[in-house]
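Asker: If you scroll down you'll find the structure; I have some questions about it.
The values are calculated or read from the model by the stated rules, or taken from the named source; none is laboratory data. What you see is a predicted model; the values in this text were computed from it and never measured. No Cβ is skipped: glycine too gets one built from the backbone with ideal geometry, and neighbour counts run over all protein chains shown.
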């Protein structure tokens with residue numbers, strides 16, 4: 001698995017050892033020896049290396065938010081969340097946009113309308129002490145139903161896609177019903193950017 | 001590593017196989033065979049098993065938010081975030097509160113004042129397709145400097161702790177400077193709950 005572009009020696013960070021302890025197509029566990037800006041004597045750390053991902057916040061032409069309900073095996077729960085997926089080809093300069101639009105179609109059965117727009121809400125790190133996994137957040141305003149509807153990946157189980165008003169979305173974040181980092185990080189950015197005023 | 005209480009067979013979830021592929025004190029990688037509510041024929045999934053954690057949002061008696069700046073080895077960056085730490089003793093019924101207060105003291109050098117209060121903002125899952133890691137979010141209102149100041153863990157490198165106004169915190173979330181799931185999830189919940197009105 002290729003390392004991400006932001007992982008390199010600079011400004012006091014210096015990798016002096018890197019051993020792969022475990023690897024399969026989804027995950028590599030590395031034991032790294034690394035010097036940090038405040039710790040010039042290298043220390044040992046366990047790092048889980050994962051593909052990057054894209055989260056897309058679909059907003060319909062009438063201002064509703066689309067959420068999908070997905071079975072999540074590690075937590076044994078079926079939860080409401082914004083569509084998301086991993087970046088398969090990190091060499092493609094258009095990978096973030098392409099992955100966002102792919103998941104919008106596959107998981108939510110929607111696509112950007114002619115007047116629709118895709119806006120970056122930046123990136124975030126799900127668990128920065130443990131993994132280099134990171135997710136790009138995209139806001140897709142002006143989405144419409146796509147021909148053919150949703151086309152879920154065989155390895156996933158999305159049981160439903162539904163449109164929610166801003167008030168409903170906010171109530172689900174407040175109550176804890178929305179509880180995945182992807183959706184909460186997107187909500188935080190939209191809130192801080194003032195993009196969710198009714 | 002003990003499995004978390006929310007991981008059990010119920011409502012169509014049924015674990016039929018569980019093989020540990022890798023284990024060290026920080027991480028266990030399991031290959032599980034599991035039936036889900038919509039997929040009665042068991043499928044195979046890679047699950048990273050991790051300890052639970054607690055994130056604490058310290059608000060000073062004058063309404064400022066404390067952030068710590070921490071070196072994060074997997075992403076090779078030093079970032080501003082709310083104090084957080086793993087739950088070491090999952091059998092302790094007071095573990096969430098105790099871990100939150102411990103991190104408030106160790107990382108931010110603060111403690112709850114006599115009139116201070118600790119409020120749960122629920123939990124979230126950093127990467128629910130990959131790991132059972134979960135974080136409890138606590139709001140600590142009314143914190144004051146603790147005797148002796150911060151007492152950072154030897155394995156961590158916290159370079160600074162500083163108080164930020166709500167406007168500053170919001171600008172850091174909006175710009176992407178705050179980019180860890182812990183802090184963004186806490187911000188989303190506080191925003192949705194209307195706890196951040198100036």
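Asker: What number goes with the only condition from (1) more than 14 Å from every other protein chain (Cβ to nearest Cβ); (2) surrounded by fewer than 21 Cβ atoms within 10 Å (Cβ to Cβ) that residue A:154 does not pass?
Answerer: The single condition residue A:154 does not satisfy is (1).
Asker: What's the total number of residues in region A:106-138 that are more than 17 Å from the chain's Cα centre (by Cα) and touching a residue at least 12 places away in the same chain (Cβ under 8 Å)?
Answerer: In the first step, residues of region A:106-138 are kept if they are more than 17 Å from the chain's Cα centre (by Cα); the result is A:109-117, A:129.
Next, from what is left, pick out any that are touching a residue at least 12 places away in the same chain (Cβ under 8 Å): A:109-113, A:115-117.
Total meeting the criteria: 8.
Asker: Taking the stated definitions as given, is residue A:45 at pLDDT 95 or above, over 30 Å from residue A:160 (Cβ atoms) and in contact with a helix residue (DSSP H, G or I) (Cβ under 7 Å, 6 or more places away or on another chain)?
Answerer: On the way: at pLDDT 95 or above: yes; over 30 Å from residue A:160 (Cβ atoms): yes; in contact with a helix residue (DSSP H, G or I) (Cβ under 7 Å, 6 or more places away or on another chain): yes.
Judged against the criteria, residue A:45 is a match.
Asker: Shifting gears a bit: Since residue A:122 meets every condition but one in (1) on the phi > 0 side of the Ramachandran plot; (2) outside any strand (DSSP E or B), which condition does it not meet?
Answerer: Going through the list (1) on the phi > 0 side of the Ramachandran plot; (2) outside any strand (DSSP E or B), residue A:122 breaks only (2).
Yes or no, residue by residue, for (1) modelled with pLDDT of 95 or more; (2) closer than 25 Å to residue B:129 by Cα:
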residue	(1), (2)
B:67	yes, no
B:74	yes, yes
B:78	yes, no
B:85	yes, yes
B:91	no, no
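Asker: Then there is this: Can you tell me which condition residue A:141 does not meet? The list is (1) buried (at least 18 other Cβ atoms within 10 Å of the Cβ); (2) farther than 24 Å from residue A:71 by Cα; (3) within 14 Å of the chain's Cα centre (by Cα), and all the others hold.
Answerer: Among (1) buried (at least 18 other Cβ atoms within 10 Å of the Cβ); (2) farther than 24 Å from residue A:71 by Cα; (3) within 14 Å of the chain's Cα centre (by Cα), the lone unmet condition for residue A:141 is (3).
Asker: Of the conditions (1) more than 21 Å from residue A:77 (Cβ to Cβ); (2) in contact with a helix residue (DSSP H, G or I) (Cβ under 6 Å, 6 or more places away or on another chain); (3) crowded, with 19+ Cβ neighbours inside 10 Å, residue B:146 clears all except one; give me its number.
Answerer: Failed condition: (3).
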